[in-house]
Number of protein chains: 4
Amino acid sequence: MNQTLSQERILHLKQDYERGFIRHCGFKAGRVDHGRFGAFVDLKDHHRQQDGFVHAGVMATMADHTAGYAAFTVVDSSFQILSIEFKINFLKPAFGKGLECRSTVIREGRKVIVAESEVYDLREENRVMTAKAMVTLMAVPGESLV
Amino acid sequence: MNQTLSQERILHLKQDYERGFIRHCGFKAGRVDHGRFGAFVDLKDHHRQQDGFVHAGVMATMADHTAGYAAFTVVDSSFQILSIEFKINFLKPAFGKGLECRSTVIREGRKVIVAESEVYDLREENRVMTAKAMVTLMAVPGESLV
Amino acid sequence: MNQTLSQERILHLKQDYERGFIRHCGFKAGRVDHGRFGAFVDLKDHHRQQDGFVHAGVMATMADHTAGYAAFTVVDSSFQILSIEFKINFLKPAFGKGLECRSTVIREGRKVIVAESEVYDLREENRVMTAKAMVTLMAVPGESLV
Amino acid sequence: MNQTLSQERILHLKQDYERGFIRHCGFKAGRVDHGRFGAFVDLKDHHRQQDGFVHAGVMATMADHTAGYAAFTVVDSSFQILSIEFKINFLKPAFGKGLECRSTVIREGRKVIVAESEVYDLREENRVMTAKAMVTLMAVPGESLV
């Protein structure tokens, strides 16, 4: 596992982060280091439920996807990352103007990688942890994806 | 807990299901019974990742939201349902033309409700379980939501 | 993956099931089929908490271990099975004279196997599902265990 | 929620920790603070599997039980604590001479409490995190336990 990420690799991962369903959700990549990946989103009405709170699915998607990219930072660029499973606890309702997610690898295995994601609600006056997830991922050689 | 749902209650829950982030995701309510809720989605490019597979966040959002509405079928209409936490395993990649979700309540508590959600990938020739979730929910009187 | 288990393999798995910490807990192997493993325990005072209910750890240990042996039934005898992670929901308190566990493989992967375990409380008059778990396991060639 | 624990309360919780199945497992209470509970165990042959590694059930039981007592430190002494569910990831095999568990409350709700447990393998030369769990608990008034 490489301990230093090239600027090229970081740029690639940040661009790769923001595609498909994640673009539809409006999530943006943030700071990237070995074993760590950050992300954020400006919250719009379409992220909320009818009661105004952010939908659990928004937080779960962010926690899962960002954990996957934290895992990408600890494997060679020839590997793909798959989510095997995750668990998320919703700690506080989120109703602020944005969300921030910070994912950290806690097990750097050759095949099985485990990462934690903390999701924060960015409110007017403060920043509150709204959800926490533990995500199990698998590194697979690029060609054996299916 | 009432064992029969009125047509009015079923209609209300089906309409209520399809709002906010869930409308943004294009999910539609399906069949509703006591302790059971179904849903489906026609898959578009914005549900996928760059590799063409459906994003784990789409399945997780569907599993969580549909479990919540299965929980609504076992409580009085004055109650709100909150997701406390959920866990989801991704069993097979999804790449079909649609997803179907079936959620079933397995613990009908007064406060704590547990439901399972099975997500199926609707492929040309068959229908494959792509993810399974176990969701813990809480029933709270409507006025004490926050 | 073989679809029929030899009597020799079944006998081996049943004997192998009841060792170490599992012997200390008094669990016994039950019925075995391809993808399925059963187990039971006669409940003693040392399985309980001070309030008389069976300890969550007893049910969790049974759910995890039995899922592992369900996984053994779908791999070649040269493979070892490791628990990667599990999640368990406690549905009802257990206070009966015994517990029964039934584990079923729901994903038969070459490397990653997923099984569910249902734990039942055997009461005087009936049999109640007291806990349900979803367990992620990995099959590894015997020599590469560590 | 009280922020300071009396010496009497700490002593009571430490004694209460070591009963029933937990005594059978040989776990001992360690350091106690508001929102935190520690525990340890000297590992014996009966904690292990046939391959010499500590059984996942030992770590899961310790993670669950210690999280429960961390929850006891944030509620009034008239409340009981129940495990609703937990999830545990096994990060490294444990084969040392002892285990240590540290549980920390990450959500101090009036009813729903969430705690994390980290389990460490105490090896000859170092100390390695072997498992991590996220536990959802419920505080219930003593008399309404069932």
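Since every read-out is calculated from the coordinates, none of them should be taken as a lab result. In this text, all values refer to a predicted model and were calculated from it rather than measured experimentally. Cβ placement follows ideal geometry from the backbone for every residue including glycine, while neighbour counts extend to all protein chains displayed.
Could you give, in nm with one decimal, how far A:Q80 is from each other copy of that position, shortest first, with labels 7 Å out from Cα toward Cβ?
2.9, 4.1, 5.0
If you take the C-alpha gyration tensor of the protein assembly as shown, multiply each eigenvalue by 5 and take the square root, what semi-axes do you get, largest first, in whole Å?
Each semi-axis is the square root of five times an eigenvalue, giving 34, 29, 26 Å.
Using helices alone, I'd like the mean residue ellipticity at 222 nm for the protein assembly as shown: each DSSP H run of four-plus residues gives -39500 (n - 2.57), total over residue count, nearest 500.
Helices in the protein assembly as shown give a 222 nm mean residue ellipticity of -7000 deg cm²/dmol.
Between C:S117, C:S78, C:S103, find the one with the highest GNM mean-square fluctuation for chain C; connect C-alpha pairs within less than 10 Å.
Maximum fluctuation in the GNM of chain C, among the listed residues, is at C:S78.
Output ³J(HN,Hα) for segment A:95-108: one whole-Hz value per residue in order, computed from phi by the Karplus curve 6.51 cos²θ - 1.76 cosθ + 1.60 with θ = phi - 60°, and x for Gly and Pro.
For segment A:95-108, the Karplus-derived couplings read 8, x, 8, x, 10, 10, 10, 10, 10, 9, 6, 10, 9, 9 Hz, x marking Gly and Pro.
For the Cα atoms of chain C, what angle does the longest principal axis make with the long axis of helix C:56-72, in degrees from 0 to 90, nearest 10?
Computed tilt is about 20 degrees.
Say we join alpha carbon atoms closer than 10 Å with springs in a Gaussian network model of chain B; which of B:G98, B:G20, B:G52 then has the biggest fluctuation?
Greatest mean-square fluctuation among the candidates belongs to B:G20.
Can you list the copy-to-copy distances for B:R19, using a point 7 angstrom from Cα toward Cβ, in nanometres, shortest first?
When each copy's label point is compared with this one, the spacings are 3.6, 4.7, 5.8 nm.
How about segment B:69-146: which trypsin sites (Lys or Arg not before Pro) there lie in a loop by DSSP and see at most 15 other Cβ atoms within 10 Å?
B:K97, B:R110, B:K111, B:R123
Over segment B:38-146, what number does the Rg to Rh ratio reach, with both radii from the alpha-carbon atoms and Rh per Kirkwood?
Rg/Rh for segment B:38-146 comes to 1.04.
Taking each residue in D:109-122, count the Cβ atoms of any other chain within 10 Å of its Cβ, then average. What number comes out?
Going residue by residue through D:109-122 and averaging, the value is 2.
Taking the Cα centre of each part, how many Å lie between segment C:110-134 and segment D:79-146?
Rounded to whole Å, the Cα centres lie 21 Å apart.
How many nanometers, to one decimal and shortest first, lie between the label point of C:Q50 and those of its other copies, if labels sit 7 Å from Cα toward Cβ?
Label-point distances to the other copies, shortest first: 3.9, 4.7, 5.7 nm.
Between D:D76 and B:S77, take the C-beta separation as r, use R0 = 30 Å, and let me know the FRET efficiency to the nearest 0.05.
0.35
Whole Å is fine, so just give me how far the alpha carbon centre of segment A:1-58 lies from that of segment B:19-36.
26 Å
Measure nothing but the geometry: give the 0 to 90° angle between the long axis through the Cα atoms of A:7-17 and the longest principal axis through the Cα atoms of chain A, rounded to 10°.
50 degrees
GNM, chain B, Cα, under 10 Å: largest mean-square fluctuation among B:E100, B:E118, B:E18?
Greatest mean-square fluctuation among the candidates belongs to B:E18.
How much net charge surrounds A:L13 when only other residues with a Cβ under 12 Å from its Cβ are counted (Lys, Arg +1; Asp, Glu -1)?
Computed value for this residue: +1.
What's the local net charge at B:K28, with K and R +1, D and E -1, over the other residues with C-beta under 15 Å away?
In short, +3.
Can you give the FRET efficiency to the nearest 0.05 for D:D42 and D:E8, using r as the Cβ-Cβ distance and R₀ = 35 Å?
0.80
Evaluate E = 1/(1 + (r/R0)^6) for D:R19 and A:V128, where r is the Cβ-Cβ distance and R0 equals 35 Å; express this FRET efficiency to the nearest 0.05.
Plugging the Cβ-Cβ distance into 1/(1 + (r/R0)^6) gives 0.40.
What does the convex hull of the Cα atoms come to per residue for segment B:1-52, in Å³?
Spelled out: Cα convex hull of segment B:1-52, divided by residues, is 93 Å³.
Just list whichever of B:K28/B:K97; A:K44/D:K87; A:K87/B:K111; A:K14/B:K97; A:K44/D:K132; B:K44/B:K92 have alpha carbons separated by over 23 Å in the model shown.
A:K44/D:K87; A:K14/B:K97; A:K44/D:K132
Look at the axis of the rotation that sends chain C onto chain B, then give the chain C residue with the nearest Cβ and the distance in whole Å.
Nearest to the symmetry axis by Cβ: C:K87, 2.
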